[in-house]
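The values are calculated or read from the model by the stated rules, or taken from the named source; none is laboratory data. Small disclaimer: the values here were computed from a predicted structure and weren't measured. Cβ sites come from the backbone with ideal geometry, for glycine too, and all protein chains shown count toward neighbours. The protein model used for the area step is the full one, side chains on, heavy atoms only, and it has no ligands, DNA or RNA in it. Shrake-Rupley method; radii C 1.70, N 1.55, O 1.52, S 1.80 Å.
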Amino acid sequence: MVLEACGVEKWFYRGKGSSNRFFAVRMADLKLEPGRVTGLTGRSGSGKTTLMNMLAGLLTPDGGRVLLDEKDLYAQDDPSLSALRNRHFGMIPQGGELFPHLTVMENILLPRGILKSKKESGRQEEEYAKELMERMDILPLSSVPAGELSGGERRRVCIARALAGKPEFIFADEPTSDLDDGNTRMTLTILRQAADSGAAVMIVTHDSEVAEYADTMLRMDGGIIRGTD
Ligand SMILES: Nc1ncnc2c1ncn2[C@@H]1O[C@H](COP(=O)(O)OP(=O)(O)O)[C@@H](O)[C@H]1O
Ligand SMILES: [Mg+2]
């Protein structure tokens, strides 16, 4: 599957009146393909999260189109779009929100609908989730409520949750922002390996280290993609 942004735009209003319209993202063209890691850097407020959310099916563009295998992502109704997202997209959001009263394992499995699944496919996904947790050193935290975790631990749970369903597209919004060097490398390695197994990966980041793991590096400035860094 290929996901493409064609002249995608998003604007917001600041203050009163339509004259205060400003573009958070302007005329963005971008292609995400299987096997490739795309890194997106840029200053805070340059439009990275807004662009990623539009690609991830979470925010309707005001202009242009997002095409999944040449079909307009936003032409379908909300339930179809959610089903598609659930099936093909994995999201590591900037905030890293989890359900605080649910355990780590519940947080990871619940969105996949495979908690206590008796189906073979569900059990396989659970095994894969455990393998990811083991690699990210959060398996011992399986039954700990997510609300008791540190920022870095929460972040790793979000990553395991996003990858557990082996999605075709992975969107990671500053996935290493609260991780130490070791966990940063481990996270970037896991994202690289997901791409090597066929996923299309997009990483928004301040971390220059990402360049070593990416096939393409793009920079955003004032809502505009300025091309390769
Ligand atoms: N829902 C919103 N309403 C108004 N302004 C927004 C909204 N979301 C983002 N913005 C503005 O759009 C610009 C780009 O934001 P964002 O995409 O979050 O940047 P980045 O992720 O690069 O830091 C910022 O100026 C931000 O304040
Ligand atoms: Mg952001």
Practice item. Tally the DSSP beta bridges in the chain and give the antiparallel ones as a percent, rounded to 5. Key: 50
Review point. Which of the peptides 24-35, 134-145 is most tightly packed, and how do the rest follow, judged by the mean count of other Cβ atoms within 10 Å per residue?
Key: 24-35, 134-145
Exercise for review: Step through the table entries LYS10/LYS71; LYS10/LYS130; LYS71/LYS166, compare each Cα-Cα distance with 28 Å, and write down the pairs that go over it.
Suggested key: LYS10/LYS130
Point to revise | Over 25 Å [Cα-Cα, the range 3-228], rounded percent | key: 41
**Study point:** Protection proxy ranking, peptides 1-8, 119-126, 46-53, 74-81, average beta carbon neighbours within 10 Å, highest first
**Key:** 46-53, 1-8, 119-126, 74-81
Check your understanding: With labels modelled as points extended 7 Å from the Cα through the Cβ direction, what inter-label distance (nm, one decimal) is found for SER150 paired with ARG21?
Key -> 4.7
Exercise for review: Over the chain, calculate the relative contact order: mean separation of alpha carbon pairs under 8 Å at least 6 apart, over the residue count, as a percent.
Suggested key: 30
Review point. Quick one: which of 200-206, 55-61 comes out on top by average Cβ neighbours within 10 Å, and what's the full order, highest first?
Key: 200-206, 55-61
Point to revise | Solvent exposure ordering (accessible area, 1.4 Å, most first) of PHE89, PHE12 | key: PHE12, PHE89
Exercise for review: Taking the Cα centre of the range 3-228 as origin, work out the dipole magnitude from +1 charges on Lys and Arg Cβ and -1 charges on Asp and Glu Cβ, in debye rounded to 20.
Suggested key: 540
Check your understanding: What spacing in nm lies between the two simple spin-label points modelled at ALA83 and LYS71, each 7 Å away from Cα in the Cβ direction?
Key -> 1.1
Revision key, fill the gap. Sorted by chain and then number, the residues having a modelled amide H within less than 5 Å of the amide H of ILE170, at least 5 places away or on another chain, are GLY90, ALA200, VAL201, MET202
**Study point:** Candidate aspartates and glutamates - alpha carbon under 15 Å from LYS119, same-chain residues fewer than 8 apart omitted
**Key:** GLU127
